[in-house]
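Here is the structure we will look at, set down as structure tokens.
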Amino acid sequence: MSSYNNSACFSEATRVAIFGGTHGNEMSGVTLVNLWMKNSAEVQRKRVETKPFITNPKAVEKCTRYVDTDLNRAFTPENLSAPGGDGLPYEVQRAQEINRIFGPKGSPEAYDVIFDLHNTTSNMGCTLILESSKDHFNLQMMNYIKKAIAPASCLVLLNEHPLLKYSTSRSVAKHPVGLEVGPQPQGVLRSNIFEAMRVILKHALDFIELFNEGMEFPPCTVEVFRVSERIDYPRDANGNIIAMVHPNLQDGDWEPLNPGDPMFQTFDGKTIHYQGSGTVYPTFINEAAYYEKQQAFVTTRRETLVASAIRKA
Ligand SMILES: CC(=O)N[C@@H](CC(=O)O)C(=O)O
Ligand SMILES: [Zn+2]
């Protein structure tokens, strides 16, 4: 019997996957997953079967983000149902395989939880990425992880923007969780970033184990940063970049950016100021992989979400 009025019930989360190499040049996730594929003792729990998995082996081999197209944008209904077999782009074929193994996306047979490990060149620290503000299981997990790693901090980025949301590898699972840790250059391993990622995974798996053992989690609140706007670099008529991230903004991920604050610096030294309507919290500032996506940073707004009590059905 539940001790709370409105507990949300979920079935036991026994099928859990850890994805690395969704982007083949993000080395902490690639390295941790390769390590756990050799010996998975560290990521197993009594009531959880954890499958470490390299999602884009060809990109890992070449140490590039992707081969044909970004795998972490490829899990659309169109791609997942596209006929064409060997004629399809490599990552679309791979998305279909991953959907067969860990999905099908949106079905009761899908994996319970998928952790997808990423690194960023931005100074974001530890960031957990959620795709839904209504997934109370994931919100409770975020609360647990934040408490477990304190006084170290770990922020939650919520991407449920109608236009800026994309079809991730982890979206195949019932409860998708992205883990983004930086700063770490592409193709480089940094021990502090690697260890931070490893610790978050430990707490996340401990949470799932406690849930499966029948622990009931009381209602709580979770501070999240909701994706609001994509900001591109200033460009000339030919589409070439004419300014860089301003030194005041560089490495200032999660720090408030107010209207009038410096945002870009042109090559001839002029400052371009932020023109928004209120305080925002920029993140993914100067991420290397986002030059091709015409994104200098994203703005977010801070909110507090309420998670209901949860327990095992
Ligand atoms: C730098 C990087 O790859 N970030 C991830 C974020 C995510 O997993 O949602 C991406 O753009 O796919
Ligand atoms: Zn990535």
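Read the figures in this text as sums done on the coordinates, not as results from a lab. Since the model is a prediction, treat every value here as computed from it, not as a measurement. Neighbour counts are summed over all protein chains in view; Cβ atoms, including those assigned to glycine, are modelled from backbone coordinates with ideal geometry.
Just a few scattered comments:
- Antiparallel DSSP beta bridges within the chain, as percent of all bridges there, nearest 5: 50 percent
- Choice from SER228, SER167, SER81 showing the highest fluctuation, given a GNM over the chain with Cα pairs closer than 10 Å: SER81
- Within the listed set TYR111, TYR290, TYR144, the Gaussian network model of the chain (springs between alpha-carbon atoms below 10 Å) gives the highest mean-square fluctuation for TYR290.
- Alpha carbon centroid spacing (whole Å) that separates the stretch 239-313 from the stretch 129-168: 18 Å
- Largest GNM mean-square fluctuation across ARG235, ARG226, ARG65, computed for the chain with C-alpha springs under 10 Å, falls on ARG235.
- For the stretch 1-114, the direction-averaged projected area of the alpha-carbon convex hull comes to 9.3 nm².
- Rounded FRET efficiency, nearest 0.05, which uses the C-beta distance separating SER107 from ARG73 and R0 of 22 Å: 0.55
- Helix axis angle, 27-38 relative to the chain longest principal axis, alpha carbon, degrees: 20 degrees
- Disulfide-incompatible cysteines by the Cβ rule (no partner under 4.7 Å) in the chain: CYS9, CYS63, CYS220
- If you count Lys pairs in the stretch 1-131 whose Cα atoms are under 20 Å apart, skipping same-chain pairs closer than 8 places in sequence, the total is 4.
- Label-zone membership for the stretch 220-250, site ASP268, 7 angstrom Cα→C-beta point, backbone N under 20 Å: 233-247
- When shorter helices are ignored and each DSSP H run of at least 4 residues is given -39500 (n - 2.57), the per-residue value for the chain at 222 nm works out to -7000 deg cm²/dmol.
- For q = 0.15 Å⁻¹, Debye-computed log10 I/I(0) when each Cα of the chain counts as one equal scatterer: -1.26
- Each principal axis of the Cα cloud of the stretch 70-170 was taken in turn, and the coordinate range along them, longest first, works out to 51, 33, 25 Å.
- Degrees, to the nearest 10: 191-212 long Cα axis against longest axis of the chain: 30 degrees
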